[in-house]
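Input: one structure, supplied below.
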Amino acid sequence: MEMLKEVKQLKRSFKRKPNIVLVGFMGTGKTSVGKRLSTQLRMRYIDTDNVIERDSQRRISDIFEEDGEDVFRRLESEAVDRVSKLYNYVISTGGGVVLREDNVTRLKENGVVFCLSATPEEIYQRVGHQTHRPLLQTPDAMETIRTMLADRARYYAQADYTVDTTGKSFGEVMAKISNTFFKATVPRKSTKKR
Ligand code: S3P
């Protein structure tokens, strides 16, 4: 019943074709799922990290190293402001976008926000060996992942829906997102008899 009320509220709140917004921890598949989903649903695709890198002509890791996380978060909020004005997009975001409440509010203005989740073990398997994520370049990446996931849990909980990707194929994750998205946004024909 609660769910039905939420869905009705969501439907009413969109004036134009809404976006699918993907948030979630590093390595939960926001980019790979987002790109595939946009192709499948014939929506456009954008990634806030790419917007930041393109606009600043710098790599995320260089921004962290040279200017620090605060500057990165400011650039991230600017990118969120811009992408929130789009419609009919799949929008992937950086893993820390949820840390600023304003970002989530903006992304929800014209989007349904899905949080992709995964166990710390699976995240470690997917990204533990990679070197381009500044926040995971620590002596014990597994421990860092566990701590950050616990610290961020309440921020990720702001998403409209959470989709667990652990052990799931892209197809399964995409089906879950698109079914939920269409239920939440496409007005149904009335079945009332006249
Ligand atoms: C971050 C995640 C990264 C990137 C930056 C910070 C985070 O994006 O925005 O390194 O705070 O979790 P991905 O989630 O795409 O790796």
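In the list GLU101, GLU69, which residue meets the criterion of being surrounded by fewer than 16 Cβ atoms within 10 Å (Cβ to Cβ) and closer than 22 Å to VAL127 by Cβ?
GLU69
Taking region 76-87 as the search range and keeping residues that are surrounded by fewer than 20 Cβ atoms within 10 Å (Cβ to Cβ) and within 14 Å of the ligand (Cβ to nearest atom), which one is nearest to ASP55 (Cα to Cα)?
Among those that are surrounded by fewer than 20 Cβ atoms within 10 Å (Cβ to Cβ) and within 14 Å of the ligand (Cβ to nearest atom), it is GLU78.
May I pose another question? When you go through (1) in a helix (DSSP H, G or I); (2) more than 9 Å from the ligand (Cβ to nearest atom); (3) surrounded by 15 or more Cβ atoms within 10 Å (Cβ to Cβ) one by one for VAL90, which number turns out not to apply?
The one condition VAL90 does not meet is (1).
Only one residue in SER117, SER56 is within 17 Å of the chain's Cα centre (by Cα) and surrounded by 16 or more Cβ atoms within 10 Å (Cβ to Cβ). Which one?
SER117
Take the residues of region 12-59 that are within 14 Å of the ligand (Cβ to nearest atom) and small (Gly, Ala, Ser): which is farthest from SER92 (Cα to Cα)?
Result: SER56.
Since every read-out is calculated from the coordinates, none of them should be taken as a lab result. Being a predicted model, the structure only gives us computed values, none of them experimental. As a convention, Cβ positions derive from the backbone with ideal geometry for all residues, glycine included, and neighbour counts pool all protein chains shown.
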